[in-house]
1. Find the Rg to Rh ratio for the chain, where Rh is the Kirkwood radius over alpha-carbon pairs and Rg uses the same atoms.
2. Between residue 154 and residue 14, what's the calculated FRET efficiency when r is the beta-carbon distance and R0 is 35 Å? Round to 0.05.
3. Looking at the chain, what % of its DSSP beta bridges pair antiparallel, to the nearest 5?
4. So for each of 126-132, 3-9, 91-97 I average, over its residues, the number of other beta carbons within 10 Å; can you give me the resulting order with the highest mean first?
5. Quick one: what does P(r) look like for region 109-179 with 10 Å bins over all Cα pairs, in whole %?
6. Would you mind pulling out the separation of the Cα centroids of region 69-133 and region 1-57, in Å?
7. Enter the angle in degrees (range 0 to 90, nearest 10) between the Cα long axis of helix 137-146 and the first principal axis of the Cα atoms of the chain, meaning the one along which they spread out most.
8. Take the Cβ-Cβ distance between residue 40 and residue 101 as r, set R0 to 25 Å, and report the resulting FRET efficiency rounded to the nearest 0.05.
């Protein structure tokens with residue numbers, strides 16, 4: 001993964017916001033390097049990370065995959081069908097064509113990282129402009145680890161490349177290790 005950003009997709013309203021969403025859904029945009037992880041691998045993570053058998057209770061919070069081309073559509077449908085066969089029930093997660101993405105407000109970005117004042121302070125020093133922080137691969141990686149994705153062993157191999165001080169690196173490793181006990 002290169003970066004993630006929170007936002008809104010799937011609707012027709014121009015310039016949706018959290019308090020004026022219109023017909024959009026809250027989404028996560030994922031930029032990834034296909035030499036590091038494939039689209040199909042991302043889909044497998046997606047199916048495992050939510051309950052696709054649950055009916056969505058509002059358009060704002062529905063589960064969906066927005067595909068960009070025929071190859072992505074084919075893989076999304078194939079993995080959905082595999083999930084349905086494995087669970088032996090109907091899948092309610094929608095597979096939809098991508099029709100645009102609007103970046104969510106700054107306070108919606110990197111939620112788990114924003115909950116850690118010491119790490120947030122370090123990232124603010126590295127990325128003084130909000131847009132730089134939102135687009136940072138390092139911030140996306142740390143946010144993912146804090147959300148419980150990735151092991152302390154994985155983090156250990158990359159923590160030195162995240163730009164953190166030795167003290168914050170050590171604290172982050174301890175937090176991630178604690179999440180996986």
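Computed from the coordinates by the stated procedures, all read-outs in this text should not be read as laboratory data. Here the structure is a predicted model, which means the values were calculated and not measured. Ideal geometry is used to build each Cβ from the backbone, glycine not excepted, and the neighbour counts take in all protein chains shown.
1. Rg divided by Rh gives 0.98.
2. My answer for the efficiency is 0.30.
3. 75 percent
4. 3-9, 91-97, 126-132
5. Percent of pairs per bin, in order: 22, 61, 17, 0.
6. A separation of 4 Å, based on Cα centres.
7. For 137-146 against the chain, the angle is about 80 degrees.
8. After rounding, the FRET efficiency stands at 0.70.
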